[in-house]
Amino acid sequence: MAKVLMKGNEAMALAAIKGGCDAFFGYPITPQNELPEYLSYHMEANNRIFVQAESEVAAINMVYGAAGSGARVLTSSSSPGIALKQEGISYLVGSELPAVIINVMRGGPGLGGIQPSQADYNQITRTGGNGDMKVLSFAPENLQETVDIVKESFDLADYYRNPVMIAVDGLIGQMMEPVDMDKPIRKINLPKKDWAATGESKKRGKRNKIVSLHLDPYKLEEHNLALQKKYDKMIENEQRYEMVNMDKNPEIVFVAYGSMARIARSAIEMLAEENIHVGMLRPISLFPYPQKAFDNLPKETKTLLTLEMSLGQMIQDVKIASNGKHNIEFYGRTGGVVPEAEEIVHKVKSILKEAKS
Amino acid sequence: MKTKTVYKPTDGLVDRDLSYCPGCTHGIIHKLVGEVLSEKGLIDEAIGVASVGCSVMSYEFFNCDMQQAAHGRAPAVATGIKRVRPESAVFTYQGDGDLASIGMAEVVHAAHRGENMTVIFVNNAIYGMTGGQMAPTTLIDQKTTTSPTGRKKKGAGEPIRVSEMLATVPGATYLERVSVHDPKHMRKAKKAIEKAFDVQMNKQGFSMIEFISTCPINWGINPNDSLKWSVENMIPYFPLGVYKDSTKEDSNE
């Protein structure tokens, strides 16, 4: 199919419609507003549901209700709004409901700022809400990858009966790139939603209850162990990553995702002109973290340079994944400052200089 | 001998023990809602939303599909359900801590949007499940575990009247406050529930029935005197009656 030039937020909105999203519930927040704005018209035009909720809290609970009724549901927000949604996300996980959540990240803490950031890494990959919970999460770096992942996420959410979060930053939300909206995605066989509370108890022959409450601690433990099995399955099946320049057996490898990986690509090209060959391990899934990629690093690789638009949140996962095999370095900017490729080049040179002395 | 059935439990409720304290009126209100859903033939297409508080377990009692909501969020959850299942009979069952405190925004905006759903609001002027703390509906001078010398206007404010407040919201269609302290009022309350579900099934918009209820355990009064206390103290401050009925006006659609 022909590519169309689209803005990131609008491309994600259209991808949601193409991915079979039945209902959207959201609340305005910069820098994701073009997404609900696009859907406010196009959902209705496609006979689907759009509601602008009174708050992020209400929006995620509308998602919870609609998902419990068996619909394919989307909400979108940005960092502080995602923080508000975390209670509802915990309920979705606990009640095993599918939903897709788009997080167009901005700087924090608090109201922070509206410029691009990756400082939600811990909020996304640790437990954003209460309890032993995990959210399948992806951090694409360009619009084509973003669109493909948004479309696939509705299937993945249904397959795992778990929320899926797509974490992009304000840069990806706001930039324009050509995308093929109809690129085929992998097909997943989805089970019937025989658990949904659809208001058809007679037809079904039993009542369905959507619940995350288990007052008996042994029952709750049993439930949590069953959820853990799903997380283990995600770790087994959904690790996604890209390896760049590994055929050069680089001594230094960047670990970067999302917009930071785009900037790292420029740094790789600039360094290559000076005959310095650096590689990149680009996580695409944040949970599960792509451990498999670290297991496949060239044996010549000595240093992993973690690059983030935060003060170093992913660095913990890099250390765990490397498991002491590499020297771990970090470079990052925070508060919505997007680093220049030159800053990364400078950091690489200082690492090489230090290694020589 | 020929026997005649004069009374049987409603199939609108699951046949099991309720989790409520002895003498609490939740049981009566459950029964009335269950009867209405059953008699109107709605129980098989109903989706109920349980809240947080004493009625958290109501998903075990209403004999239909149920979803349990986070504290105060039931009207938002019900919005999500109703928007994707517009033909279902969707209702929330909430207490006064859940609805009038933490969930005030959700109920106001559900009414404001004219969501075509029914809210069953049980007001007993106290937080029951957590052990008797002050609620937004606690009366002036009423003693609770967090107002041990009685609620004072200064600092705690005066009790919120939810039905009166929602009556000022243009989107609300039908609002009535009822009591279940004697059989006469129970019959009236049942009629109110019937009306509320009629409004919903006729796609006329948001309906809420507020019940004056009791909490003998946390009030520290025996069940009979609790009913008397609710009549003497609550009803004067929370008068019974229809607070809004715009069913005669143009439909919301």
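Nothing in this text is a laboratory measurement; each read-out follows from the coordinates by a stated rule. Keep in mind that this is a model prediction, so the values were computed, not measured. Neighbour counts run over all protein chains shown; Cβ positions are idealised from the backbone, glycine included.
Worth pointing out:
- Of the trypsin sites (Lys or Arg not before Pro) found in the range B:185-253, those that fall in a DSSP loop while having at most 14 other beta-carbon atoms within 10 Å are B:LYS203, B:LYS248.
- Value of relative contact order over chain A, rounded to a whole percent, pairs C-alpha under 8 Å and six or more apart: 17
- Taking 27 Å as the straight-line reach from the Cα of A:LYS248, the lysines in range (excluding those fewer than 8 positions away in the same chain) are A:LYS292, A:LYS299, A:LYS302, A:LYS319, A:LYS325, A:LYS347, A:LYS349, A:LYS353, A:LYS356.
- Among the listed pairs B:LYS31/B:LYS82; A:LYS206/A:LYS230; B:LYS152/B:LYS244; B:LYS203/B:LYS244, a Cα-Cα separation exceeding 19 Å is found for B:LYS31/B:LYS82; A:LYS206/A:LYS230; B:LYS152/B:LYS244.
- The slack between A:TYR41 and A:LYS219, meaning 0.36 nm per residue of separation minus the straight C-alpha distance, is 59.6 nm.
- Taking the Cα centre of the protein assembly as shown as reference, the dipole from Cβ charges on Lys and Arg (+1) and Asp and Glu (-1) amounts to some 1400 debye.
- Alpha carbon centroid spacing (whole Å) that separates the range A:17-81 from the range A:200-217: 26
- Residue-averaged 222 nm ellipticity for the protein assembly as shown, from DSSP H runs of 4+ at -39500 (n - 2.57), nearest 500: -11000 deg cm²/dmol
- Förster radius 35 Å - calculated FRET efficiency between A:GLU300 and A:ARG186 (Cβ-Cβ, nearest 0.05): 0.55
- DSSP beta bridges fully contained in the range A:94-191 are about 10 percent antiparallel.
- Residues A:VAL164, A:VAL211 arranged by fewest to most Cβ contacts within 10 Å: A:VAL211, A:VAL164
- Remark: for residue pairs A:LYS85/A:LYS151; A:LYS85/B:LYS190; B:LYS4/B:LYS188; A:LYS219/B:LYS143; A:LYS219/B:LYS40, the C-alpha separation exceeds 31 Å in A:LYS85/B:LYS190; A:LYS219/B:LYS143; A:LYS219/B:LYS40.
- For the range B:97-244, the square roots a ≥ b ≥ c of the C-alpha gyration tensor eigenvalues yield an a/c of 1.5 or more together with a/b not exceeding b/c, which makes the shape oblate.
- Antiparallel bridges, percent of DSSP beta bridges restricted to the protein assembly as shown (to nearest 5): 20
- Counting only DSSP beta bridges whose two residues both lie in the range B:115-253, roughly 30 percent are antiparallel.
- Multiplying the residue separation of A:ASN33 and A:LEU111 by 0.36 nm and subtracting their alpha-carbon distance yields 26.4 nm.
- Taking label points 7 Å from Cα along the Cα-to-Cβ direction, A:LEU5 and A:ASP194 give a separation of 5.2 nm.
- Placing +1 on each Lys and Arg Cβ and -1 on each Asp and Glu Cβ, with no other charges, gives chain A a dipole about its Cα centre of roughly 1060 debye.
- Under 18 Å from the A:ARG126 label point (7 Å along Cα→beta-carbon), backbone N, the range A:266-291: A:286-289
- C-alpha center-to-center spacing [the range A:120-147, the range B:58-73] in angstrom: 29
- Cα shape, chain B, gyration tensor, a/c 1.5 rule: oblate
- Cα-based helix-to-principal-axis angle, A:34-45 vs chain A, degrees rounded to 10: 40
- For the range B:26-245, a simple Cβ point-charge model (Lys and Arg +1, Asp and Glu -1, everything else neutral) yields a dipole of about 480 debye relative to the Cα centre.
- Charge dipole (the range B:26-245, unit charges on Cβ, about Cα centre) - positive-most of B:ALA70, B:THR92, B:ALA105: B:ALA105
- For the range A:89-197, applying the loop criterion from DSSP together with a ceiling of 14 other beta carbons within 10 Å to the trypsin sites (Lys or Arg not before Pro) yields A:ARG126, A:ARG186, A:LYS187, A:LYS192.
- Cα-based shape type of the range A:242-356, given that a ≥ b ≥ c are square roots of the gyration tensor eigenvalues and the cut on a/c is 1.5: rounded
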